[in-house]
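Taking it in order: structure first as structure tokens, then the write-up.
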Amino acid sequence: MPVFPSVEWFREAADRLNRSDSFARLGSCDAVMGVRVGERRFTVTFAAFAVTAVAEAAGDPDFTLTQPPADWRAMLENIRANGRAEALHTLNSLDLRGDEEFATGEDYTRRDLFYRYNQTFQDYFDMSADMETTFA
């Protein structure tokens, strides 16, 4: 049972995405996604038709998704309850809510990868619907 946040949790979601039909439906994705949960930072590397690497506090992500731990938990519990994120818990709606920055990055061209491949990243988190997640 993977604990969120942890490398094991992100790796399990990656394995599930790699076994799914997501890349066949949506096409390739080339980006390094950063995820910040409280003070912990993770990177998830998407290369062509697979997630190829997951690490804690490594690399230079193209963009970083940042939320407090309680908001990450609310998003993942919504995914678990509904099989995928509902409207107010999608990555896109979290980015648009406006009360704080969600998808950030130093270089706009690199940060734009969040918008270009948004559905692939959403599918990645939606893979947690069937995971027995516990929270740190």
Give the residue that is surrounded by the fewest Cβ atoms within 10 Å (Cβ to Cβ), with candidates limited to residues of the stretch 94-111 that are within 15 Å of the chain's Cα centre (by Cα) and more than 11 Å from MET33 (Cα to Cα).
-> ASP95
Working only within the stretch 83-93, note down all residues that are surrounded by 15 or more Cβ atoms within 10 Å (Cβ to Cβ) and either in contact with a strand residue (DSSP E or B) (Cβ under 9 Å, 6 or more places away or on another chain) or of a type in the set (A, V, I, L, M) (or both).
-> ALA85, LEU91
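For (1) hydroxyl-bearing (Ser, Thr, Tyr); (2) outside any loop (DSSP other than H, G, I, E, B); (3) without any contact (Cβ under 8 Å) to a residue 12 or more places away in the chain, each residue gets a yes or a no:
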{"site": "GLU101", "(1), (2), (3)": "no, no, no"}
{"site": "THR109", "(1), (2), (3)": "yes, yes, yes"}
{"site": "LEU113", "(1), (2), (3)": "no, yes, no"}
{"site": "PHE121", "(1), (2), (3)": "no, yes, no"}
{"site": "TYR124", "(1), (2), (3)": "yes, yes, no"}
{"site": "SER128", "(1), (2), (3)": "yes, yes, no"}
Looking only at the stretch 56-93, which residues are more than 13 Å from the chain's Cα centre (by Cα), more than 18 Å from ARG110 (Cβ to Cβ) and of a type in the set (Gly, Ala, Ser)?
-> ALA57, ALA70, ALA74, ALA81, GLY83, ALA87, SER93
Can you confirm whether the stretch 58-67 contains a residue that is more than 17 Å from PHE4 (Cα to Cα) and touching a Pro at 6+ places or on another chain (Cβ under 8 Å)?
-> no
For ASN78, which of the numbered conditions (1) surrounded by 15 or more Cβ atoms within 10 Å (Cβ to Cβ); (2) closer than 21 Å to ARG11 by Cβ; (3) not hydrophobic (A, V, I, L, M, F, W, C) fails to hold?
-> (2)
ARG36 at pLDDT 95 or above, out of contact with any Pro (no Cβ under 8 Å at 6 or more places or on another chain) and farther than 14 Å from PHE10 by Cα = no
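The values are calculated or read from the model by the stated rules, or taken from the named source; none is laboratory data. Note that the coordinates shown come from a computational prediction; the quantities given were computed from them, not determined experimentally. So basically every Cβ, Gly included, is an ideal-geometry build from the backbone, and we count neighbours across all protein chains shown.
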